[in-house]
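Asks: The structure's right below; bear with me while I get my questions together.
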Amino acid sequence: MLTRLNQRFSSLLFSASPEVPTGLPATKRTMLAAINNALDTVLTKDQTACVFGEDVAFGGVFRCTDGLRAKHGESRVFNTPLCEQGIAGFAVGLASYGVTTIAEIQFADYIFPAFDQIVNEAAKLRYRTGGQFNCGSLTIRAPYGAVGHGGLYHSQSPEAYFAHTPGLKIVIPRGPVQAKGLLLSSIRDPNPVLFFEPKAMYRASSCDVPDDDYTIPLGKAEIVKHGREVTIIGFGLQLLSLDKAVTRVEKELGITCEIIDLRTIMPLDMETIEKSVKKTGRCVIAHEAPRFGGIGAEIAAKIQEECFLHLEAPIGRVCGWDTPFPLVFEKFYYPDENRAYEEIKRIVLY
Amino acid sequence: MLKALLRSMSYSSSLSFTHPHALSIPTFQVINEDGLPNSSSSQYLSSVNKDLLIRMYKTMIEVQEFDTLYYDLQRQGLISFYMQNSGEEGLQVATAAALDLNDWIFPQYRELGVFFWRGFDIQQASHQLFSNAKDLGQGKQMPVHYGSKDLNIMTVRSPLATQIPQAAGLGYGLRLKNQSSIAVCYFGDGAASEGDTHAAMNIASTTKSQTLFVCRNNKYAISTNMKDQYGSDGIAVRGVAYGIHSIRVDGNDVIATYIATQEAKKLILAGPQPVLMECMTYRRGHHSTSDDASRYRNKEELEHYQKNNNPIIRLEKFLKHMGWLDFDPVEIQKETRDRIIKAKDVAKNEKLPKWEVMFDGVYNELTPELKKQKGELKKFLEIYGDKYEINKHS
């Protein structure tokens, strides 16, 4: 899949978003450089902001924190011991003191030791204390998703576990421009945010990313392509497969598809989704995570609640199979453009 | 970096295993179980005075009487749940007395004396127990889950030990902002087994957080005695393993505990560096009102800690020894109980929080979905409100 990325770059992954002001001075940046730039911006403007996690000091295993320690100092950019529950707990405490806290979990696959601190503590702090305390200045970043050779433990998409927890926000960018704008919003949002970065995108080509400080709002999906016959919903790297599938299906069936990038998984922008599905009458949702209990299930449930009489077909889903993420079978597992094409076709011709 | 790596290795030609109890950490004590100063304790007595110790005594009585009343009220069905502090009142007030309001507290759930000492009064505590509209926590959590932003006391939570790495993080924040205050977390010998305890001490050690870890080793975690909880020489030795200055103290000796806490804070700020203090004590009460400790421990043990090693009695004896007992303990007990009963009546008669508050605080503001759900519940309550005693809510 990585080779497919190099062969043809989806214009969708590298498109700007309407909220980003045009004509600003910009630099070509990969997603990881855009993330690095966002972190640098925060560390520059907020003198007590901290970025920490495993191997963060030397630049991080994906280089997202490259150069930050030298520039901003060792008390603010530092390594933690190898302990996700410690990273998360420490981060909740620091954030509850009001410090802008950006914790890194090295791979989303390893976030589970931190699950208790995230769902029982971070998510619930404001609520359970009657608003006396909060850790709104907390952001936890983690690389997620398929990378071509990651297997069970370097490929997971855990957003559904966390989406089921009231009190968290979950944000997933599709490209460099969104990564910077959404990360800045996430850091500044007064609620704890999980920011999952599609690791396959880190180095995949680059595009113009404004040098200035800019934000893309949370809780708002983006219609990246307008169309009339079917609504396609995805996020992160899925926009690549969807873009290819849609190009093919539009040509072969003579229809137009509307593609929505969720950008924020939680809270969902149902207003944009409902408006679109009421217009098209058909919907396909795509995500890498396993089908059962994935966020596609929640979106499908909500769509049929609100748009039932507008639906011309069942709501389709293109997801990972209900197996752990396999290594040699990744090509069969991964919901790619062919699987998306087949599902879109099935729903359009229903 | 190579020099540091090489320096840290020292070789030995004789094969030997270090015994797990090689570092047998003694228990610091100033007054013995009869309330009399130990022979070499005189150097420490100047750290305390009559007013301080009397205030400690009176606060311990407040805790004791509050516990007694509310345990009974739970049994009568007036509140749903309660946890007593019996046996640990001493370490609670003694540690609190050595700190100030700029220090942050991360309690577990058996630290009422810390709350009272810092000014979280009996009335406020009563509101929380009744989950009424005046509860600072908005009735969201079970009884005894107190918290106070004004007093820098992080609200009690039910999951064990999660507060410990948070205290390490906040202690780091204090260091970052050059504050001469510390983050203090309390946890029991049971909670000390949780992964979060290990995680916290390790990260506090490497980041040099201004954090004081206070372990209340009260010998039981519900029914589990120390022998099933750990194989180490208690919890104090673990601090050393993480590179943390550690002390074991007699938690039922308020003077020793007070002094040790003062010195611990000085040591923390001098580093900066975290410190671990293990307070040896005993949980005389049940784990909670859902527990019956007679099922797993014997009367003999209980009586020993009731009579022979009781922090309140030991302090009373010391005050008498010093000629400082210028009040009648029975009078104090009665007067305290009256105050508590009055506060209970006020709390009991308050309305419960508005039902709408259930949706507040999930995020800083309601999301569209939460607004929608709140609207659904509103419509539902318009029909069924009375079946849910809606008039008890404000």
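Asks: What angle, in degrees between 0 and 90 and rounded to the nearest 10, separates the Cα long axis of helix A:176-188 from the longest principal axis of the Cα atoms of chain A?
Replies: So the helix axis and the longest Cα principal axis differ by about 50 degrees.
Asks: What percent does the relative contact order of the stretch A:222-348 come to when contacts are Cα pairs within less than 8 Å and at least six residues apart?
Replies: On the way: 226 pairs, mean separation 39.5, N = 127.
Reported relative contact order: 31 percent.
Asks: Magnitude of the Cβ-charge dipole of the protein assembly as shown, K/R +1 and D/E -1, about the Cα centre, nearest 20 debye?
Replies: On the way: 83 positive and 85 negative charges, 177 e Å.
Charge dipole, the protein assembly as shown, about its Cα centre: 840 debye, nearest 20.
Asks: Using Cβ counts within 10 Å as a stand-in for footprinting exposure, how do B:184, A:20, B:114 rank, fewest first? Show your work: numbers first, answer last.
Replies: Numbers: B:184 32, A:20 19, B:114 28.
Ranked by crowding around the Cβ, least crowded first: A:20, B:114, B:184.
Asks: Here is a further query. State the antiparallel share, in %, of DSSP beta bridges confined to the stretch A:222-348, rounding to the nearest 5.
Replies: On the way: 3 of 16 bridges.
Expressed as a percentage, antiparallel bridges in the stretch A:222-348 total about 20.
Asks: Shape of the protein assembly as shown from its Cα gyration tensor (a ≥ b ≥ c, root eigenvalues): rounded if a/c is under 1.5, otherwise prolate when a/b > b/c, or oblate? Display every interim value, and only then the final one.
Replies: Working: a/c = 2.54, a/b = 1.70, b/c = 1.50.
Because a/c hits 1.5 or more and a/b exceeds b/c, the protein assembly as shown counts as prolate.
Asks: Got a sec? How would B:117, B:324 order by Cβ neighbour count within 10 Å, fewest to most? Write down the numbers at each step before the final one.
Replies: Working: B:117 23, B:324 15.
With the fewest neighbours first, B:117, B:324 line up as B:324, B:117.
Asks: Under 5 Å between amide hydrogens, which residues at least 5 positions from residue B:277 or on another chain qualify, with H placed 1.01 Å from N in the peptide plane?
Replies: Close amide H contacts, sequence-distant or interchain: B:213, B:214, B:215, B:247.
Asks: Something else now. Pairs of Cα atoms under 8 Å, at least six residues apart: use those to get the relative contact order of chain B, whole percent.
Replies: Working: 670 pairs, mean separation 87.8, N = 394.
Computed value for chain B: 22 percent relative contact order.
Asks: Give me the dipole magnitude in Debye, nearest 20, for chain A about the Cα centre, with unit charges on the beta carbon: positive for Lys and Arg, negative for Asp and Glu. Mind showing how you got there, number by number?
Replies: Numbers: 37 positive and 40 negative charges, 81 e Å.
That gives chain A a dipole magnitude of about 380 debye.
Asks: Once you sort the root eigenvalues of the Cα gyration tensor of the stretch B:24-348 as a ≥ b ≥ c, which label holds: rounded (a/c under 1.5), prolate (a/b larger than b/c) or oblate (the other case)?
Replies: Details: a/c = 1.35, a/b = 1.14, b/c = 1.18.
Rounded shape, in that the Cα axes give a/c under 1.5.
Asks: A further question on this structure: Tally Lys and Arg at +1 and Asp and Glu at -1 over the other residues with C-beta under 9 Å from the C-beta of residue A:77: what net charge comes out? Spell out each step's value before the answer.
Replies: On the way: positive: A:69, A:71, A:76; negative: A:74.
With Lys, Arg at +1 and Asp, Glu at -1, the net is +2.
Asks: Separate question: Under the rule a/c < 1.5 gives rounded, and otherwise a/b versus b/c splits prolate from oblate, where does the stretch A:222-348 land using the Cα gyration tensor? Walk me through the intermediate numbers first.
Replies: Working: a/c = 1.69, a/b = 1.25, b/c = 1.35.
Judged from the Cα gyration tensor, the stretch A:222-348 comes out oblate (a/c at least 1.5, b/c at or above a/b).
Asks: Taking the Cα centre of chain B as the origin and placing charges on Cβ (Lys, Arg +1; Asp, Glu -1), which of B:217, B:16, B:49 is farthest toward the positive end of the dipole?
Replies: The residue sitting most towards the positive pole is B:16.
Asks: Amide H neighbours of residue B:28 under 5 Å, at least 5 residues apart or on other chains, H built in the peptide plane: list them.
Replies: B:248, B:249, B:250
Asks: For the protein assembly as shown, give me the percentage of DSSP beta bridges that are antiparallel, rounded to the nearest 5 percent.
Replies: Details: 13 of 71 bridges.
Close to 20 percent.
Asks: Amide H to amide H under 5 Å from residue A:79: which residues, 5+ apart in sequence or cross-chain, H placed 1.01 Å off N in plane?
Replies: Answer set, sorted by chain and number: A:57.
Asks: Over 21 Å between C-alpha atoms is what I'm after, so list which of A:251/A:278; A:220/A:278; A:180/B:208; A:279/B:378; A:220/B:354 land there.
Replies: Details: A:251/A:278 23 Å; A:220/A:278 18 Å; A:180/B:208 32 Å; A:279/B:378 31 Å; A:220/B:354 31 Å.
Cα-Cα > 21 Å for A:251/A:278; A:180/B:208; A:279/B:378; A:220/B:354; rest within.
Asks: Excluding residue B:255 itself, what net charge comes from residues whose Cβ is under 15 Å from its Cβ, given Lys and Arg +1 and Asp and Glu -1? Mind dumping the intermediate values first?
Replies: Numbers: positive: B:50, B:55, B:314, B:317, B:320; negative: B:33, B:34, B:51, B:89, B:250, B:253, B:263, B:316.
In short, -3.
Asks: For A:333, B:186, what ranking results if the residue with the fewest other Cβ atoms within 10 Å of its Cβ goes first?
Replies: Numbers: A:333 21, B:186 27.
Lowest count first: A:333, B:186.
Asks: For chain A, calculate the relative contact order in percent as a whole number, restricting contacts to Cα pairs under 8 Å that are 6 or more residues apart. Don't skip to the answer; put the middle values down first.
Replies: Values: 779 pairs, mean separation 62.7, N = 350.
Here the relative contact order equals 18 percent.
Asks: Okay, moving on. Over 25 Å between C-alpha atoms is what I'm after, so list which of A:244/A:345; B:265/B:307; B:140/B:227; B:140/B:177 land there.
Replies: Among A:244/A:345; B:265/B:307; B:140/B:227; B:140/B:177, the Cα-Cα distance tops 25 Å for B:265/B:307; B:140/B:227; B:140/B:177.
Asks: Whole angstrom only: what separates the Cα centroid of the stretch A:91-124 from the Cα centroid of the stretch B:372-394?
Replies: That distance is 35 Å.
Asks: Mind checking which aspartates and glutamates have their Cα closer than 13 Å to the Cα of residue A:225? Skip sequence neighbours fewer than 8 apart in that chain.
Replies: A:243, A:250, A:258, A:261
Asks: Can you give me the C-alpha center-to-center distance between the stretch A:179-218 and the stretch B:277-305, rounded to a whole angstrom?
Replies: The two parts, judged by their Cα centres, are 53 Å apart.
Asks: Among residues other than residue A:66 whose Cβ falls under 13 Å from its Cβ, what is the net charge (Lys/Arg +1, Asp/Glu -1)? Intermediate values should be presented prior to the final figure.
Replies: On the way: positive: A:29, A:63, A:69, A:71, A:203; negative: A:40, A:55, A:104.
Net of charged neighbours comes to +2.
Rule-based calculations on the coordinates, nothing more; no lab input. Nothing here was measured: the structure is a model prediction, and the numbers come from that model. Here the Cβ is made from the backbone with ideal geometry for all residues, glycine too, and neighbour counts use every protein chain on show.
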